[in-house]
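These notes are about the structure you will find just below.
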Amino acid sequence: MSHAAIAIPGLNRIGGAERQAMLLAKGLRRRGWRVSVVVLSGDGGAAGAELRVCGIAFISLEMRHGLADPGGWIRFNRWLEREQPDVLHAHLPHAAWLCRWSRLAATVPVVIDTLHSSSTGKRGRRFGYSISRWLPDHVTAVSRATAVSHLTARMVNEKRLSILANGIQVKAWAPDMQARMAARKELGLSDEFLWMAVGRLEAVKDYPTLLRAMARAPENTHLLILGTGPLEMELVKLAARLGLNRRVRFLGFEPHVEHWMQAADGFVLSSRYEGLPMVLLEAGACAVPAVATDVPGTREVVIEGVSGWLAKAADPTSLCDAMKKLMLMPLDKRFAMGECARRRVMNEFSMETVLNDWERLYKSLLDQKAVNWRTRLTAREAMRRHSAASA
């Protein structure tokens with residue numbers, strides 16, 4: 001049984017990268033792989049417990065000082081030597097650097113890392129990736145935009161880079177009219193237009209622009225925001241200043257996003273940049289049309305006028321105009337737009353399809369390593385025989 005180890009900074013806070021890593025881990029386990037998930041810090045919370053129930057080993061390195069914690073490096077290298085995973089797959093920068101440099105001290109046949117954002121970060125991140133780009137066997141990007149930005153910044157080796165999109169379990173997000181009615185009743189809504197936004201409450205998601213767009217929207221428009229983050233209190237105060245207390249609700253972290261997605265008439269994403277937004281895929285799988293900012297990553301999911309509408313980033317007027325465009329569509333056309341979004345997600349972003357791609361990549365790299373190893377052994381044997389014959 002092949003062993004895949006998935007490394008990620010933590011699972012106590014769940015975002016798109018964390019959800020994708022968990023889906024990959026659980027999918028590989030269903031397909032017969034031995035799977036371990038290693039986090040740099042934290043106890044994993046409910047996510048760690050969920051993985052254990054699925055038969056996946058969960059390990060925390062308890063690195064309290066980030067990558068500057070030598071104890072964490074020692075614990076990780078000892079774990080690698082003891083468990084000997086066939087594939088070590090890192091997600092997000094800190095886990096990528098840990099896995100890349102650890103292979104110098106511990107034998108790991110294949111090391112891969114995945115880029116989840118089109119943002120290349122500050123100088124330190126760019127430097128960290130560029131000086132270690134020779135260490136991984138392969139790097140994947142969740143979107144073309146992500147690949148291009150990192151190539152342009154010379155953070156990755158083009159010959160070792162491929163695009164492998166995020167995936168979701170489409171069946172878990174299927175539209176359900178009864179669930180929709182129940183969720184809307186729970187929210188106290190009847191025929192009001194309900195927008196939904198999901199994501200951590202941080203600057204990159206640009207919720208202030210979304211709230212200012214909502215202030216320009218018709219009075220019967222409501223917005224449900226799922227997520228937590230450092231800007232929560234600031235955003236709550238902004239909503240109050242804009243007179244949105246009755247029309248905007250902050251639900252905090254919700255583990256069952258699909259329950260609330262069923263209630264939505266439209267999904268809205270106001271991000272300044274993205275990799276390949278999981279939330280847009282989830283909205284599409286629920287047949288909920290979307291309005292999103294026209295930034296790298298989102299435009300690879302939302303097809304303008306077909307599965308949703310795009311707006312200028314950091315522009316409340318443009319975002320509100322796009323939202324109104326969706327709201328004013330005849331009901332049958334809006335439903336057709338949602339169905340188009342669902343078909344595209346089913347055809348291109350199904351987790352089963354993505355798992356097939358991951359397994360092919362893992363096995364291809366393992367086979368390549370095996371061939372290279374046999375070639376080296378053959379060369380060494382030939383040299384030994386030649387030396388013996390010359391003696």
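Pairing each residue of segment 125-143 that is in the same structural domain as Val108 (by TED's automatic domain parsing) with any residue that is of a type in the set (Phe, Trp, Tyr), provided the two are 6+ apart or on different chains, yields C-beta distances under 6 Å for Gly128/Trp97. Residues in segment 325-343 that are among the aliphatic types (A, V, I, L, M) and free of Cβ contacts under 8 Å to residues at least 24 places away in the same chain: how many? Residues meeting the conditions: 4. Among the residues of this structure, Ala203 does not count as one that is surrounded by 15 or more Cβ atoms within 10 Å (Cβ to Cβ), out of contact with any His (no Cβ under 6 Å at 6 or more places or on another chain) and among the small types (Gly, Ala, Ser).
If you scan segment 69-105, which residues turn out to be part of a loop (DSSP other than H, G, I, E, B) and of a type in the set (A, V, I, L, M)?
Leu92, Leu104, Ala105
Restricting to segment 265-285, name every residue that is of a type in the set (Asp, Glu) and either modelled with pLDDT of 95 or more or over 11 Å from the mean Cα position of the chain (by Cα) (or both).
Hits for segment 265-285 are Asp265, Glu282.
Arg154 passes every criterion in (1) without any contact (Cβ under 8 Å) to a residue 40 or more places away in the chain; (2) charged (D, E, K, R); (3) not assigned by TED's automatic domain parsing to the domain that holds Ala17 apart from (3). Scanning segment 210-223 for residues that are out of contact with any Asp or Glu (no Cβ under 7 Å at 6 or more places or on another chain) and either assigned to a helix (DSSP H, G or I) or within 20 Å of Val257 (Cβ to Cβ) (or both) returns Leu210, Leu211, Arg212, Ala213, Met214, Ala215, Arg216, Leu223.
For segment 106-120, the set of residues classified as surrounded by 14 or more Cβ atoms within 10 Å (Cβ to Cβ) and out of contact with any Phe, Trp or Tyr (no Cβ under 6 Å at 6 or more places or on another chain) consists of Ala106, Val108, Pro109, Val110, Val111, Ile112, Asp113, Thr114, Leu115, His116, Ser117, Thr120, listed by residue number.
Residues in segment 176-201 that are touching a helix residue (DSSP H, G or I) at 6+ places or on another chain (Cβ under 8 Å) and either in a helix (DSSP H, G or I) or at pLDDT 95 or above (or both): 9 in all.
Among all positions in segment 243-259, there is no residue which is within 19 Å of Ala165 (Cα to Cα) and in contact (Cβ under 8 Å) with a residue 12 or more places away in the chain.
When residues in segment 108-133 are screened for being in a strand (DSSP E or B) and in contact with a helix residue (DSSP H, G or I) (Cβ under 6 Å, 6 or more places away or on another chain), 4 of them pass.
Every condition in (1) farther than 28 Å from Asp367 by Cβ; (2) in contact with a Pro (Cβ under 9 Å, 6 or more places away or on another chain) holds for Ser130 except the one numbered (2). Being buried (at least 20 other Cβ atoms within 10 Å of the Cβ), at pLDDT 95 or above and touching a Gly at 6+ places or on another chain (Cβ under 8 Å) is the requirement here; does Ala341 meet it? Yes.
The values are calculated or read from the model by the stated rules, or taken from the named source; none is laboratory data. Since the structure is predicted, the reported quantities are computational estimates derived from the model, not experimental observations. As a convention, Cβ positions derive from the backbone with ideal geometry for all residues, glycine included, and neighbour counts pool all protein chains shown.
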